[in-house]
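Peer 1: One structure coming up, written as structure tokens, with questions to follow.
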């Protein structure tokens, strides 16, 4: 594709706010980290850290993979939360959490504050202690029998990881993540956020530059990049059964798109995207503020068009 055509596609994406919302950053890199396309909106730039929203869930997968690789965790581990010791929740395994099949009742909604467990956990009565809020959810289905996307699940997953890493909280947990996850991935700008008790809000909060989110994607494109075993990348790519999200499949803390079987996608609120394209050996990152009512379909269609063309 000619540079002129790439620029035309980028112009359309950043100028069409009616369909795309506000686009802040776009970068595409190849397997070797060479930049193939890059553009920033007026309020962003190459050195500006931007919010991940739920793309942080996929980063949590990487952190758990480090601990699995060193033997501190196993996919079959259960009895993960002390308060679950005497009920059926004790049978929830690490892999159930990774695949969102834990069966816990949790309303994942970003608009209806009256019904949403997500809003209550992040901004309401659960905000100071996200782990207890999520752990207190009752079972809605036996573990392993139902897929249901849940930010509470990822925060429980991160808590299990922090305890496996030595019971770390706050600054110490952040230092471990920097040393074992962010710096090995080349993500010098990455900054996780924690609740009042020092738990990583892994459902929603890692700030990083667009290039550093691309470097994160490269870990998976490069078969784990010696940070995790290649089998851990395959774990993320292995489909989870029973996914009910229209037009989407799920692996483990990563999304799969049925019409793009060679893609692995980290998705976030307002259409944050990190796409790992194993067929074309590319990673694409889009960061922006696409209103909920637009749904992201135009952005996702544009991303398909751009990667098809490159």
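Peer 1: Could you check the spin-label model distance between residue 72 and residue 127? Points 7 Å from the Cα along Cα→Cβ, value in nm.
Peer 2: Taking the two extended label points, one gets 3.0 nm.
Peer 1: If we restrict to alpha carbons, what Rg and Dmax does the range 155-269 come to, in Å?
Peer 2: 14.8, 41
Peer 1: For q values of 0.13 Å⁻¹, compute log₁₀ I(q)/I(0) with the Debye formula on a Cα-only model of the range 1-60, without solvent.
Peer 2: Taken in order of the listed q values, log10 I(q)/I(0) reads -0.43.
Peer 1: Taking Cα atoms of the chain, Rg/Rh with Kirkwood Rh, to two decimals? Walk me through the numbers before you get to the answer.
Peer 2: Numbers: Rg = 18.6 Å, Rh = 19.5 Å.
Across the chain, the Cα-based Rg/Rh ratio is 0.95.
Peer 1: Please give the Cα centre distance for the range 259-310 versus the range 1-38, rounded to the nearest Å.
Peer 2: Going from one Cα centre to the other spans 11 Å.
Peer 1: So how do 170-180, 281-291 stack up, highest first, on mean other-Cβ count within 10 Å?
Peer 2: Numbers: 170-180: 16.6, 281-291: 22.5.
Most protected by this proxy first, the peptides run 281-291, 170-180.
Peer 1: What is the helix-to-structure angle for 210-221, meaning the angle in degrees between its Cα long axis and the longest Cα principal axis of the chain, kept from 0 to 90 and rounded to the nearest 10?
Peer 2: Around 70 degrees separate the two axes.
Peer 1: Now, a different point. Can you tell me the FRET efficiency between residue 86 and residue 146 if r is taken as the Cβ-Cβ distance and R0 is 22 Å, rounded to the nearest 0.05? Can you show the working numbers first?
Peer 2: Values: r = 22 Å, r/R0 = 1.01.
According to the calculation, E is roughly 0.50.
Peer 1: Tell me the mean residue ellipticity at 222 nm calculated for the chain from its helices only (DSSP H runs of n ≥ 4, each -39500 (n - 2.57), averaged over every residue, nearest 500). Spell out each step's value before the answer.
Peer 2: Working: 11 runs with 106 residues, N = 310.
Counting only the DSSP helices, I get -10000 deg cm²/dmol.
Peer 1: Nearest 10 degrees, 0 to 90: what angle lies between the long axis of helix 151-164 and the longest principal axis of the chain (Cα atoms)?
Peer 2: 70
Peer 1: If you don't mind, there's one more thing I want to ask. At a Förster distance of 41 Å, what's the computed FRET efficiency of residue 193 paired with residue 3, Cβ-Cβ distance as r, to 0.05?
Peer 2: Values: r = 38 Å, r/R0 = 0.92.
After rounding to 0.05, the efficiency reads 0.60.
Peer 1: Could you tell me which of rounded, prolate or oblate describes the range 86-208, using a ≥ b ≥ c as the square roots of the eigenvalues of the alpha-carbon gyration tensor, with rounded for a/c under 1.5 and, failing that, prolate when a/b is larger than b/c and oblate otherwise?
Peer 2: Numbers: a/c = 1.89, a/b = 1.44, b/c = 1.31.
Here the range 86-208 falls in the prolate category.
Peer 1: Among 271, 145, 93, rank each residue by its count of other Cβ atoms within 10 Å, from fewest to most, as a rough exposure measure.
Peer 2: 145, 93, 271
Throughout, read-outs are computed from the coordinates displayed, never taken from laboratory work. Since we're looking at a predicted model, the values are computed, not measured. As a convention, Cβ positions derive from the backbone with ideal geometry for all residues, glycine included, and neighbour counts pool all protein chains shown.
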